[in-house]
1. How far apart, in nanometres, would the label points at LEU22 and LEU53 be if each is projected 7 angstrom from Cα along the Cα-to-Cβ direction?
2. Taking the mean number of other Cβ atoms within 10 Å as a proxy for protection, how do you rank 45-56, 18-29 from highest to lowest?
3. Between TRP45 and ALA30, what is 0.36 nm times their sequence separation minus the Cα-Cα distance? Round to one decimal in nm.
Amino acid sequence: MEAKSRSYSTTFAALRGERAELTAARQSEALGLAADDAVTVLNDWRYAGRGQLSADLIGGGR
């Protein structure tokens, strides 16, 4: 016989998935999107350097 706690057990992956769905639904609602609207997420990051350029390097120096 299986222990009672095992029959109610879930995985952390399942919990994270449910939380992600709930968060997405709340954000869609806050933005006024219908539940069936498709949302495209673009996230293509490229390293462009670090820090700020000084005025001398961008032609603003005196």
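Every read-out reported here was derived from the displayed coordinates using simple, explicitly stated rules and does not represent laboratory data. Remember, predicted model here, so these are calculated numbers, not experimental data. Cβ placement follows ideal geometry from the backbone for every residue including glycine, while neighbour counts extend to all protein chains displayed.
1. About 4.7 nm, to one decimal.
2. 18-29, 45-56
3. 2.8 nm
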